[in-house]
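Step one of this worksheet: look at the structure below.
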Amino acid sequence: MINRSLLRKGARFIAVGVVGFATDAGLLWITTTQANIDPYSARLMSFSSALIITWILNSSITFEASKTNKRRQFNSYLTVQVLSFGLNYSIYSGIVWLNWSAPLVALVVAALVSMVFSFCAMNLWVFRDTAQ
């Protein structure tokens with residue numbers, strides 16, 4: 001059953017995701033166009049920066065995590081984010097490779113699926129001591 005607490009948490013998760021996406025995209029654009037860094041190295045930097053920003057925001061705002069398990073939570077968060085990125089990239093690549101849709105549509109589909117995966121994994125595993 002979906003309750004109000006879960007809906008509020010989901011809305012905060014989406015808002016943090018928007019901030020993370022803006023961080024990722026902004027840094028990717030700056031590093032590739034202004035600093036002339038190759039797109040693969042730039043992507044690693046932008047993803048890492050977005051991961052840290054979203055960790056801070058999700059742990060303090062979305063899930064209101066306790067201070068006691070920060071190391072375990074961060075390691076679990078990192079695992080979920082890497083798996084989510086792999087899921088996102090796999091779905092995106094598969095849709096594009098099979099020529100099912102344009103890359104932008106594939107990106108949206110992949111982002112939505114990985115967002116649901118991430119939220120569930122974070123709510124049920126990473127921040128389980130604060131899940132309600």
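Rolling a 1.4 Å probe over the protein heavy atoms gives the chain an accessible area of 63 Å² per residue.
Charge tally around S60: other residues with Cβ under 14 Å, Lys/Arg +1 each, Asp/Glu -1 each, net +3. A Cβ-based charge dipole, computed about the Cα centre of the chain with Lys and Arg at +1 and Asp and Glu at -1, lands at about 520 debye. When the Gaussian network model of the chain links Cα atoms closer than 10 Å, the mean-square fluctuations of L98, L27, L112 top out at L98. Element breakdown for segment 1-40 at a 1.4 angstrom probe: carbon and sulfur atoms account for 70% of the accessible area. Taking label positions 7 Å along the Cα-Cβ direction at both N3 and W100, the computed distance is 3.6 nm, reported to one decimal. Neighbours of I2, meaning other residues whose beta-carbon lies under 13 angstrom from its beta-carbon, give a summed charge of +3 when Lys and Arg score +1 and Asp and Glu score -1. Between the listed residues W100, F63, S48, the Cα displaced farthest toward the positive end of the dipole of the chain, a dipole computed from Cβ unit charges relative to the Cα centre, is found at F63.
With R₀ fixed at 22 Å, the C-beta to C-beta distance from F21 to K70 puts the FRET efficiency at about 0.35. Over all other residues within a Cβ to Cβ distance under 11 Å of F119, the charged ones net out to +2, with Lys and Arg as +1 and Asp and Glu as -1.
Nonpolar atom fraction for segment 50-132, defined as the carbon and sulfur part of the 1.4 Å probe accessible area, stands at 71 percent. Mean residue ellipticity, 222 nm, helices only, the chain: the sum of -39500 (n - 2.57) across DSSP H runs of n ≥ 4, divided by residue count and rounded to 500, is -24500 deg cm²/dmol. Which residues does the label zone of A35 cover in segment 74-113, counting backbone N under 12 Å from a point 7 Å along Cα→Cβ? Within reach of a label on A35: no residues.
Which of rounded, prolate, oblate describes the chain, given a ≥ b ≥ c as roots of the alpha-carbon gyration tensor eigenvalues and a/c under 1.5 marking rounded, otherwise prolate only if a/b is larger than b/c? Oblate shape, in that a/c is at least 1.5 and b/c is the bigger or equal ratio.
The values are calculated or read from the model by the stated rules, or taken from the named source; none is laboratory data. This is a predicted model, so every value here is computed, not measured. All Cβ positions, even for glycine, are placed from backbone atoms using ideal geometry, and neighbour counts span all protein chains on display. Side chains included, ligands, DNA and RNA excluded: accessible areas come from the protein's heavy atoms. Shrake-Rupley method; radii C 1.70, N 1.55, O 1.52, S 1.80 Å.
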